[in-house]
Amino acid sequence: MMYHRHDAIIVGAGGAGLRAALEASATAEVAVLSKLYPTRSHTGAAQGGIGAALGNMEEDRWEWHMFDTVKGSDYLADQDTVEILCREAIEAVYELEHMGLPFDRTPDGRLAQRRFGGHTRNFGEGPVQRSCYAADRTGHMILQTLYQQCIKNGVRFFDEFHVLDLLIEDGGCRGVVALELATGDLHIFHAKAVLLATGGFGRLFKITSNAHALTGDCVAIAFRRGVPLEDMEFYQFHPTGIYKMGILISEAARGEGGILRNRDGERFMQRYAPTLLDLAPRDMVSRAIHAEIREGRGIGGKDYVHLDLTHLGRDVVEKKLPEISDFIRTYLGIDPVKELVPVQPTAHYAMGGIPTDVDGRVIIDEQNTPLPGLYAAGECACVSVHGANRLGTNSLVDILVFGRRAGRHIWRFVREADLLPLPFEPEAPIRSEVSRILEGTGRESVADLRRMMQQEMMDKTSVFREKAGLQEVLDHLEELRERSRKIRVQDKGHSFNTALLEALELGYLLDLAEVTVASALARTESRGAHYREDYPKRDDVNWLKHTLAYRTPNGIEFRYKPVVITRFHPEERKY
Amino acid sequence: MRVQFRVKRFNPEHDKQPYWGEYEVEVESTDRVLDGLHSIKWYIDDTLALRCSCAHGICGSDAMLINGRNRLACKVLIKDLKAPIVVESMRGFRVLKDLVVDMEPFFAKYRAVKPYLVNDEPPPLTERLQTPEDRARYDDTTKCILCGACTTSCPSYWANSEYIGPAAIVAAHRFLFDSRDRGAKERLQVLNERSGVWRCRTIFNCTDACPRGISVTKAIAQLKKALLFQTL
């Protein structure tokens, strides 16, 4: 057993974790733990850009960005937090530039900007150029730049340390327990503050743009330790994943002029969003694609449509979209300059997660009571700036703005807070869970159970949902959980026992699947990414509120929290 | 279709010598080598250790030797390879288990070139200006994902692991040719040491191995030139 003591622990080394680390490490002694090497984090897969109303290409204002974000969220986002997001986005982008991020430039040397889904000028009049970008590898540049700055500032990293437990006692967080992959040893990290920045959990679904690592570990662990989860029924399907593989084809492809077409070659978005067309928000485009497929207008009657980039010309495709062109050539063997690209919606982003306030403090009830010492930021958190549907580019804004705010609050907090004593035998629960898995003699396989869960979630909890299907998934999840108690892993070793870790990750995924489905079953309306075929209308009278799901001995219980509305009153959402 | 894999296995916890594991798995035409390795791990032998994350060639976790070449397992389709598919860990790094190697020395070399923008001048309220032409000068080397494929394909590195290696030089290049950077002097000093760019023998293995298509050898040559002629 190794013991470490730090002012603060940051779990996860993607954009939110690294941005917070940079901020907090200015005065506090911080350690960043990641189950990967930091540069492997999934922020690096973000492609299209980061939205900020710089107005470099045409007039733009943060109020317009705010309006778009609120409308895009189907009015579920808290508007006080969205205001912070859109105001501070501007400074966040300049800061990245000052850190050295290689943004694309205008001819006069300023930051170039381009169109993105749901981003408009003057409160919805038409598309605006707001997304700052570095070709279609913006996330890669952000991740590299932040990691480089962390090296410059001497941030302490524990790479390939997999956090398996949160030490919460008497309403305060006291640290984490982590497994060192190389040795299999458990380590106790004792700290005044812990920031969770572990990203999403797209591995709930069969078709996803998310990395294998995105299994929602700390979201599930927080839930098990009594923290509620907010708005888990809202899970975004990105309209354009590579058919069957789910690999993301950035919205930038449509921002640069790409068009979606059905089997008849028709630009079907004309019928769904006459003003923004292919640049409508993701929930609407994904639903439109599914509707086309259901009505038999998928390509060859199958479950995909075409993304048409052929009219853009080689220059635009190669220079503005080099990464996705490479993906299309590598994985489909076709040339996007000449051929149509088969795409289908892919599980992409969790709007819901661990509830926090605007300083990243985790809150545990509808009165916004903070849990001292515990923070969350980025996709694993729910502030909520994305509400029922996130706009493209806003995930990168979110990690920077709220990563920084969390980091800043942490250094203030650790200056004054005492180091609380550790619980008795802090590693005991996780040690016994690990032993149970390693000593298991059942016949169930982790891969089989995971595959069944992912298929079920894809079939019945994705773009379209209805009561009977959701209930079936819940029942099936119960059965899978029962079977997961009888899993067997062959690997009994210590070093890089990834079979053991995958077994633990399956447990986290099953928990998050259950809370996602239960939250979706409870919400009897359609809003943003949550579309109930049996309740196809938005219902502001009963449902303009956030879900808080709690784990109790009697199963999941729900409480609800009002939405903060400041400037924009809910209206029907048309594009 | 069914395909044969030969995977070099080694777990220092109990193996004295590496050995070849032979497996046959069912794959689809769209499957990557990574999918094949996962089929082995998930359905035949879960003790097989490998790193992976994004599965589409952007995170740099799964560089390995595939049919004799350094590739990312997630960026090679099985249907494009000759069977049996022979998979080994990257050469020149210590094997921790099976396909997992010790990356610490690699990252230490990366850190040695000061891979971050050095500029202490107070920044303007908005962005620093940079022309598209200046931005283009270092574009190629910004693409690096630190997978290690270049460094572990380099005979000069195999011969002498003191050599800083192509990946660290690529990182230095990315900043040296950035008009906003002021750290040239310190960085060039590191590159001019015995362990620096002069160990490169222009073999081009690094360029061939790079899954991101970076012209690594060209970047190294530009830095040699910069050192010789004191120009950037």
> Cα centroids of the stretch A:383-403 and the stretch A:32-102: how far apart, whole angstrom?
Replying inline: 7 Å
>> Give me the inter-chain shielding for A:490-501: mean count of other chain Cβ atoms within 10 Å, whole number please.
In response: 6
> Tell me, Kirkwood radius of chain A from alpha-carbon pair distances, in Å?
Replying inline: 23.7 Å
>> Can you give me the solvent accessible area of residue A:411 with a 1.4 Å probe, rounded to the nearest 10 Å²?
In response: 70 Å²
>> Using a Cα-Cα cut-off of under 12 Å, which aspartates and glutamates could be cross-linked to residue A:460, ignoring same-chain neighbours fewer than 8 residues away?
In response: A:472, A:533
> What percentage of all Cα-Cα pairs in the stretch A:428-537 are separated by more than 17 Å?
Replying inline: 56 percent
> Lys/Arg Cβ at +1, Asp/Glu Cβ at -1, dipole of chain A taken about the Cα centre: which of A:348, A:568, A:430 is farthest positive-ward?
Replying inline: A:348
>> Explain nothing, just the number: dipole magnitude of the stretch A:390-482 about its Cα centre with +1 on each Lys and Arg Cβ and -1 on each Asp and Glu Cβ, in debye rounded to the nearest 20.
In response: 760 debye
> Of the beta bridges DSSP finds with both residues in chain A, what % are antiparallel, to the nearest 5?
Replying inline: 65 percent
> Ignoring ligands, DNA and RNA, how much accessible area is buried between chains B and A, both sides summed, with a 1.4 Å probe, to the nearest 100 Å²?
Replying inline: 5200 Å²
>> I need to check one value: relative contact order of chain A, counting alpha carbon pairs closer than 8 Å and at least 6 residues apart, in percent.
In response: 21 percent
> With θ set to phi - 60° and the Karplus curve 6.51 cos²θ - 1.76 cosθ + 1.60, what are the ³J(HN,Hα) couplings of the stretch A:235-247 in order, to the nearest whole Hz, using x for Gly and Pro?
Replying inline: 10, 8, 9, 6, x, 10, x, 4, 3, 6, 9, x, 4
>> Placing unit charges on C-beta atoms (Lys and Arg positive, Asp and Glu negative, everything else neutral), compute the dipole magnitude of the stretch B:2-101 about its Cα centre in debye, rounded to 20.
In response: 480 debye
>> Which positions within the stretch A:1-40 get 10 Å² or more of their accessible surface covered by the other protein chains, compared to the chain by itself, with a 1.4 angstrom probe?
In response: A:36, A:37, A:39, A:40
> Please state the Cα pair-distance histogram of the stretch A:206-309 with 5 angstrom bins from zero: what percent is in each bin?
Replying inline: 2, 11, 19, 22, 16, 10, 8, 6, 4, 1, 0
>> Output needed: percent of Cα pairs per 5 Å distance bin for chain B, bins running from 0 to the one holding the longest distance.
In response: 1, 7, 14, 16, 16, 13, 11, 8, 6, 4, 2, 1, 0
> Once amide H atoms are built 1.01 Å from N in the peptide plane, which residues 5 or more positions from residue A:5, or in another chain, come under 5 Å H to H?
Replying inline: A:190
> Sorted by accessible area with a 1.4 angstrom probe, largest first, how do B:75, A:545 fall?
Replying inline: A:545, B:75
>> Taking beta carbons within 10 Å but only from partner chains, what does the mean come to for residues A:98-104?
In response: 6
>> Please list A:287, A:361, A:485, A:61 from largest to smallest accessible area, probe radius 1.4 Å, with all protein chains kept in place.
In response: A:485, A:61, A:361, A:287
>> About the Cα centre, and with charges only on the beta carbon of Lys, Arg (+1) and Asp, Glu (-1), how big is the dipole of the stretch A:158-257? Nearest 20 debye, please.
In response: 280 debye
> Do the alpha carbons of any pairs in A:492/B:79; A:152/A:320; A:152/A:192; A:71/B:75; A:319/B:218 sit beyond 28 Å of each other, and which pairs?
Replying inline: A:492/B:79; A:152/A:320; A:71/B:75
>> Could you tell me how far the Cα centroid of the stretch A:136-184 sits from the Cα centroid of the stretch B:35-114, in Å?
In response: 22 Å
>> In whole Hz and in residue order, list the ³J(HN,Hα) couplings for the stretch A:452-461 that follow from phi through the Karplus curve 6.51 cos²θ - 1.76 cosθ + 1.60, θ = phi - 60°; x for Gly and Pro.
In response: 5, 4, 5, 5, 4, 5, 5, 6, 10, 10
>> Please report the accessible area of residue A:123 (heavy atoms, 1.4 Å probe, ligands and nucleic acids excluded) in Å², nearest 10.
In response: 90 Å²
> Do any residues of the stretch B:87-116 lose at least 10 Å² of accessible area when the full set of protein chains is present rather than just their chain alone, and if so which, with a 1.4 Å probe?
Replying inline: B:96, B:97, B:100, B:103, B:104, B:107, B:110, B:111, B:115, B:116
> So what's Rg/Rh here for the stretch B:177-232, counting alpha carbon atoms and using the Kirkwood radius for Rh?
Replying inline: 0.99
>> Order A:306, A:386 by their accessible area, 1.4 angstrom probe, all chains in place, largest first.
In response: A:306, A:386
> Counting only residues 5 or more places away or on other chains, whose amide H sits under 5 Å from the amide H of residue A:175 once H atoms are built in the peptide plane?
Replying inline: A:167, A:191
> Given H placed 1.01 Å from N in the peptide plane, which residues other than close sequence neighbours of residue A:384 have an amide H under 5 Å from its amide H?
Replying inline: A:78
> Residue by residue, what Karplus-based ³J(HN,Hα) values in Hz, rounded to whole numbers, does the stretch A:348-358 have, using 6.51, -1.76 and 1.60 with θ = phi - 60° and x for Gly and Pro?
Replying inline: 10, 8, 8, 5, x, x, 7, x, 9, 8, 6
> Along its principal axes, what span do the Cα atoms of the stretch B:2-101 show, with the longest given first and each in whole Å?
Replying inline: 37, 27, 23
> Given a 1.4 Å probe, how much area per residue of the protein assembly as shown is accessible, in Å²?
Replying inline: 35 Å²
> If you count, for every residue in B:41-47, the Cβ atoms of partner chains within 10 Å of its Cβ, what is the mean?
Replying inline: 6
>> Accessible area of chain A with a 1.4 Å probe: how many percent of it is carbon plus sulfur?
In response: 47 percent
> Across the Cα atoms of the stretch A:100-184, what radius of gyration and what greatest pairwise Cα-Cα distance (Dmax) are found, in Å?
Replying inline: 20.6, 58
> Roughly how many whole Å is it from the C-alpha centroid of the stretch A:264-320 to that of the stretch B:170-202?
Replying inline: 46 Å
> At a probe size of 1.4 Å, how large is the accessible area of residue A:2, to the nearest 10 Å²?
Replying inline: 90 Å²
>> Of A:441, A:239, A:530, which is farthest towards the positive pole of chain A's charge dipole, taken about the Cα centre with +1 and -1 on the beta-carbons of Lys, Arg and Asp, Glu respectively?
In response: A:239
> Once every DSSP H run of n ≥ 4 in chain B is given -39500 (n - 2.57) and the sum is divided by its residues, what mean residue ellipticity at 222 nm do you get, rounded to the nearest 500 deg cm²/dmol?
Replying inline: -8500 deg cm²/dmol
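The values are calculated or read from the model by the stated rules, or taken from the named source; none is laboratory data. Only a predicted model underlies this, so the values are computations on that prediction, with no experimental measurement involved. Neighbour counts run over all protein chains shown; Cβ positions are idealised from the backbone, glycine included. Accessible surface areas use protein heavy atoms only, side chains included; no ligands, DNA or RNA. Shrake-Rupley method; radii C 1.70, N 1.55, O 1.52, S 1.80 Å.
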